[in-house]
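The structure appears below as structure tokens.
The values are calculated or read from the model by the stated rules, or taken from the named source; none is laboratory data. Given the structure is predicted, the values throughout are model-derived calculations rather than measurements. Neighbour counts run over all protein chains shown; Cβ positions are idealised from the backbone, glycine included. Ligands, DNA and RNA are excluded from the accessible area calculation, which covers all protein heavy atoms including side chains. Shrake-Rupley method; radii C 1.70, N 1.55, O 1.52, S 1.80 Å.
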Amino acid sequence: MTGRGESRDAAVAAGTLAAMNDGPQQPAADPETPARQVPEVWTGRARNRTQWLLAAVGAGCLALGIGLAVHSPWTSGGVPLAMSVVGCVLAGLLILFGTLAFVHVAVRVDGQALEVRCGHMGLPRRRILLEHVVAADFAPSVTPRHWGGWGYRWRPEKGTAVVVRRGEALVVRLGDGRVFTVTVDDAETAVRAIRDRLGTGRS
């Protein structure tokens with residue numbers, strides 16, 4: 001009896017130890033579960049609300065020029081006054097266009113092209129056929145300091161860029177050696193979408 005009891009205890013102990021080693025059972029992977037799909041058409045945006053402050057400065061310059069033209073006496077010093085009016089109006093228009101055009105950017109990737117539209121009017125606009133793209137990369141941090149300011153930028157050693165805010169960006173490299181960068185939210189998904197269409201869908 002003693003031998004049987006000791007054998008039974010040893011078997012129970014061995015079973016308990018095996019269960020502890022096995023740990024909690026993980027559910028088996030479902031072979032029917034599809035991989036994460038890249039959308040047929042990917043769209044993304046980026047915004048910079050501080051540009052509205054600069055737009056207000058431009059509107060102020062424009063209003064000042066109009067005010068000088070309407071309320072100032074033109075009988076004395078007409079040429080200097082005209083130069084002041086033209087200078088204020090032109091400065092106001094340039095600031096307004098330069099800021100409102102880059103308050104936000106909209107990016108679209110479909111089966112044929114990468115398209116970038118700036119501002120509420122969609123100008124400036126850039127469309128790059130995917131057949132001209134050889135690589136797409138994710139840039140985790142792009143700042144205006146890297147490109148010399150906001151907006152549509154060009155640097156001889158870095159290519160062209162649309163920079164509307166600090167942060168992540170999509171970078172595409174073209175077959176002719178040119179590089180185009182655009183700051184956009186969820187840029188990693190945009191990179192996957194382009195790589196999927198190029199057949200280079202690496203993680």
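For the condition more than 9 Å from the chain's Cα centre (by Cα), surrounded by 17 or more Cβ atoms within 10 Å (Cβ to Cβ) and not in a strand (DSSP E or B), what is the one hit in Val191, Val171?
Details: Val171 fails: not in a strand (DSSP E or B).
So the residue among Val191, Val171 that is more than 9 Å from the chain's Cα centre (by Cα), surrounded by 17 or more Cβ atoms within 10 Å (Cβ to Cβ) and not in a strand (DSSP E or B) is Val191.
Name the residue, out of Asp176, Asp185, that is open to solvent by 60 Å² or more (accessible area, probe 1.4 Å), in a loop (DSSP other than H, G, I, E, B) and in contact with an Asp or Glu (Cβ under 8 Å, 6 or more places away or on another chain).
When all the criteria are applied, what remains is Asp185.
Just name the residue that is farthest from the chain's Cα centre (by Cα) out of those in the stretch 134-168 that are of a type in the set (A, V, I, L, M) and assigned to a strand (DSSP E or B).
The extreme case among them is Val134.
Going residue by residue through the stretch 142-161, is there one that turns out to be of a type in the set (Ser, Thr, Tyr) and touching a residue at least 60 places away in the same chain (Cβ under 8 Å)? Quick ask: steps written out before the conclusion?
Just the residues of the stretch 142-161 that are of a type in the set (Ser, Thr, Tyr), to begin with: 143, 152, 160.
Within this subset, residues satisfying the condition of being touching a residue at least 60 places away in the same chain (Cβ under 8 Å) are none.
Checked the stretch 142-161: no residue is of a type in the set (Ser, Thr, Tyr) and touching a residue at least 60 places away in the same chain (Cβ under 8 Å).
Which one of these is under 23 Å from Phe102 (Cβ atoms) and surrounded by fewer than 17 Cβ atoms within 10 Å (Cβ to Cβ): Arg165, Arg155?
Answer to the check: Arg155.
Would you confirm whether or not the stretch 139-160 contains a residue that is closer than 18 Å to Val38 by Cα and either in contact with a Pro (Cβ under 9 Å, 6 or more places away or on another chain) or modelled with pLDDT of 90 or more (or both)?
Kept after step one, since they are closer than 18 Å to Val38 by Cα, are these residues of the stretch 139-160: none.
Checking the stretch 139-160: not a single residue is closer than 18 Å to Val38 by Cα and either in contact with a Pro (Cβ under 9 Å, 6 or more places away or on another chain) or modelled with pLDDT of 90 or more (or both).
Of the conditions (1) closer than 26 Å to Phe97 by Cβ; (2) touching a residue at least 60 places away in the same chain (Cβ under 8 Å); (3) assigned to a loop (DSSP other than H, G, I, E, B), Gly122 clears all except one; give me its number.
Unmet for Gly122, out of (1) closer than 26 Å to Phe97 by Cβ; (2) touching a residue at least 60 places away in the same chain (Cβ under 8 Å); (3) assigned to a loop (DSSP other than H, G, I, E, B): (2).
Of all residues in the stretch 167-199, which are in contact with a helix residue (DSSP H, G or I) (Cβ under 7 Å, 6 or more places away or on another chain) and not aliphatic (A, V, I, L, M)?
Glu168, Gly175, Arg197 - these are the residues of the stretch 167-199 that are in contact with a helix residue (DSSP H, G or I) (Cβ under 7 Å, 6 or more places away or on another chain) and not aliphatic (A, V, I, L, M).
Considering (1) surrounded by 13 or more Cβ atoms within 10 Å (Cβ to Cβ); (2) on the phi > 0 side of the Ramachandran plot; (3) among the small types (Gly, Ala, Ser), say which one Ala113 fails and leave the rest.
(2)
Condition check: open to solvent by 100 Å² or more (accessible area, probe 1.4 Å), among the polar types (S, T, N, Q) and modelled with pLDDT of 70 or more. Does Gln25 satisfy that?
No.
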